[in-house]
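Q: First the structure, then my questions, so here it is.
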Amino acid sequence: MWLKKQIPNIITLLNLFCGCIAVLFAVQGHLELTALFVMLGIGFDFFDGFAARILKVQSEFGLQLDSLADMVTSGVVPGIVMYQLLSQVFGKPFYVVPGSWNFDQVLASFDLSYVSLLGLLITLASAYRLAKFNIDTRQSTSFIGLPTPANTLLIISLPLILKFQPENWIIAIIHNRWFLIGLTLVSCYLLNAEIRLFALKFKTWGFAENKVRYIFLLFTIALIILLKFIAIPCVILLYILMSLIVVRDESLSG
C-alpha cells in the first residue's frame, strides 16, 4: 500500500530530475538538449497526476511536490532559456564550460547584459502562478491563467525553431530584441491572468464530455505534422483562443 502511494511521487521526482538536467544544459547554452529534458519532464508531470487518479492516491503532499518540481522544470528553466536568448541579442551569453569552475574563469566569461535579466521575470511569474494555483479552489477542473508547462513549451520552442527551421524571416523575428522582451512580458501576464482555460484531464473517454479536448488534440497533431516546431507557439495560441470561445459559450448558455 505504501509503495502504491509513492508511485505518483516517484514520477514527480523524475520530472524534477529532468528539470535539474535541463538547468545544467541551459546554463551551458545547450538549449536544444534543454528542450529535450524539459519535454521529458513535462511528460512525467502529466503522468504523475494521471497515475494518482488511476490509483486513487491523490494527496496534499503530492500536490505540493508537483509544484516544487514544476518550479524547476517549468519555472527556472524557461527563465534561463529566455535569458540566453536575450543575451544573444544584447550581449555575450553566459556559458559555463564543464571543468571551468575556477572563480576567475567564470567571472571573466560572465559578460552581463542587464536587459537580458528580464528573462528571469518568467521564473518569478511562474513561482507566483504556482503558489496561487495551490491555494485557488477554482482551478480543480480548469485553469485560470496559462499553466506553467504550456508557457515553458512556448519558450523552449524558440531555440528549437532557430536550430531546425532557420528560415530568414523566422530568425529575424526571434532575434528581434523587442519581440523577445514583448514575449517575456506577455508570458508573465498570461501566467497570472484571470483567463479561464480548459484542462487536458480526461476523467472519462467519452466524446461528448471531452469534445473540446479531442478537437484540440486533433488540431495539435495536424499542426505538428504541417509546421513541426513552429507548431508549438501556434498550438499555445490555439489553446488560449479555444478556451476563450468555450468559456464565452458556457456563459451565454448559462
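Q: I'd like the residue in the stretch 196-211 that is open to solvent by less than 40 Å² (accessible area, probe 1.4 Å) and of a type outside the set (Phe, Trp, Tyr) and, out of all such residues, is modelled with the lowest pLDDT.
A: Here the answer is Gly206.
Q: Can you pull out every residue in the stretch 153-174 that is small (Gly, Ala, Ser) and over 27 Å from Gly19 (Cα atoms)?
A: If the condition is that a residue be small (Gly, Ala, Ser) and over 27 Å from Gly19 (Cα atoms), then Ala172 is the only one that fits.
Q: Quick one: how many residues across the stretch 127-174 are open to solvent by 70 Å² or more (accessible area, probe 1.4 Å), under 21 Å from Leu223 (Cα atoms) and in contact (Cβ under 8 Å) with a residue 24 or more places away in the chain?
A: Final tally of qualifying residues: 2.
Q: Mind checking which residues of the stretch 42-78 are under 16 Å from Ala26 (Cα atoms) and polar (S, T, N, Q)?
A: Across the stretch 42-78, the qualifying residues are Thr73, Ser74.
Q: Going by what's in this entry, would Leu124 be described as at pLDDT 95 or above and surrounded by fewer than 19 Cβ atoms within 10 Å (Cβ to Cβ)?
A: Yes; evaluated as a whole, the condition is true for this residue.
Q: So, Tyr239, is that one over 17 Å from the mean Cα position of the chain (by Cα), aromatic (Phe, Trp, Tyr) and open to solvent by less than 80 Å² (accessible area, probe 1.4 Å) or not?
A: Against the criterion (over 17 Å from the mean Cα position of the chain (by Cα), aromatic (Phe, Trp, Tyr) and open to solvent by less than 80 Å² (accessible area, probe 1.4 Å)), Tyr239 does not qualify.
Q: Could you grab me the full set of residues in the stretch 33-61 that are in a helix (DSSP H, G or I), at pLDDT below 95 and either open to solvent by 50 Å² or more (accessible area, probe 1.4 Å) or over 24 Å from Ala125 (Cβ atoms) (or both)?
A: Phe44, Phe46, Phe47, Phe50, Ala51, Ala52, Arg53, Ile54, Leu55, Glu60, Phe61
Q: Determine which member of the set Leu183, Leu190, Leu200 is under 16 Å from the mean Cα position of the chain (by Cα) and farther than 30 Å from Tyr114 by Cα.
A: Of Leu183, Leu190, Leu200, the one residue that is under 16 Å from the mean Cα position of the chain (by Cα) and farther than 30 Å from Tyr114 by Cα is Leu200.
Q: Does Ile155 fit the bill of being assigned to a helix (DSSP H, G or I) and in contact with a Gly (Cβ under 9 Å, 6 or more places away or on another chain)?
A: Judged against the criteria, Ile155 is a match.
Yes or no, residue by residue, for (1) more than 19 Å from Gly43 (Cα to Cα); (2) of a type in the set (Lys, Arg); (3) in a loop (DSSP other than H, G, I, E, B):
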residue: Tyr128; (1), (2), (3): yes, no, no
residue: Pro159; (1), (2), (3): yes, no, no
residue: Leu185; (1), (2), (3): yes, no, no
residue: Lys201; (1), (2), (3): no, yes, yes
residue: Phe216; (1), (2), (3): no, no, no
residue: Ile225; (1), (2), (3): yes, no, no
residue: Pro233; (1), (2), (3): no, no, no
residue: Leu237; (1), (2), (3): yes, no, no
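The values are calculated or read from the model by the stated rules, or taken from the named source; none is laboratory data. As the structure is a computational prediction, the values presented were derived from the model and not from experiment. All Cβ positions, even for glycine, are placed from backbone atoms using ideal geometry, and neighbour counts span all protein chains on display. Protein only, heavy atoms only, side chains kept; ligands, DNA and RNA dropped before computing areas. Shrake-Rupley method; radii C 1.70, N 1.55, O 1.52, S 1.80 Å.
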